[in-house]
Amino acid sequence: MADNCKSPSLLQAASIPLYNGKICLVTSKSGKRWVIPKGSISKGKTASETALLEAWEEAGLTGKLHNDPVGSYSYSKSGLTHLVTVFLMEVSIVNDIYPEHRQRLRKWVSIQEATTLLLEKDLLDILQSLPLEFVIQMKNKSNAETPKGAVFSR
């Protein structure tokens, strides 16, 4: 018999920030694991607005999101199911100082290394299905110029 009781859900949005063929990961609030920038979608905000805001607040990144999400995944925490919509982000500026720079570390890694650091299986599936031509294009485009204020680790 199917269980008709579903746990409450929380809508979130995230970005996979890409620059120079690398992905930016940040530490979770506890500092115990690596995650992508993500957060809850506030009333009146869109998923894409939230993804951009979280990339800024958690990693100091600004840039452009692709219009369409690359996927979604869910995870459970504190009795809630978190439903996360994920976007690709082309990073144009990496800032030293940002709202959570004292609370989180950031790390630039290859897609392959990211798959060894991230724990959410569905997020790993999204990473492994990223269009290769996009990653190559980003690497070629980024080799030409380093963005102003670029800091690639802390």
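The values are calculated or read from the model by the stated rules, or taken from the named source; none is laboratory data. None of the values given here were measured: they were computed from a predicted structure. Note: ideal-geometry Cβ built from the backbone for every residue, glycine included; neighbour counts use all protein chains shown.
From Leu65, Leu80, Leu25, grab the single residue that is out of contact with any Cys (no Cβ under 9 Å at 6 or more places or on another chain) and under 18 Å from Tyr98 (Cα atoms).
On inspection, the qualifying residue turns out to be Leu25.
Filter region 38-97 down to the residues that are outside any loop (DSSP other than H, G, I, E, B), of a type in the set (Lys, Arg) and over 11 Å from the mean Cα position of the chain (by Cα), then identify the one that is surrounded by the most Cβ atoms within 10 Å (Cβ to Cβ).
Lys64
I'm checking my understanding of the structure. Among residues of region 4-27 that are within 13 Å of the chain's Cα centre (by Cα), of a type outside the set (A, V, I, L, M, F, W, C) and modelled with pLDDT under 95, which one is farthest from Leu124 (Cα to Cα)?
By that ranking, first place goes to Tyr19.
Could you grab me the full set of residues in region 98-124 that are closer than 25 Å to Lys77 by Cα, aliphatic (A, V, I, L, M) and either touching a helix residue (DSSP H, G or I) at 6+ places or on another chain (Cβ under 7 Å) or not in a helix (DSSP H, G or I) (or both)?
Within region 98-124, Leu105, Ala114, Leu118, Leu119, Leu124 qualify.
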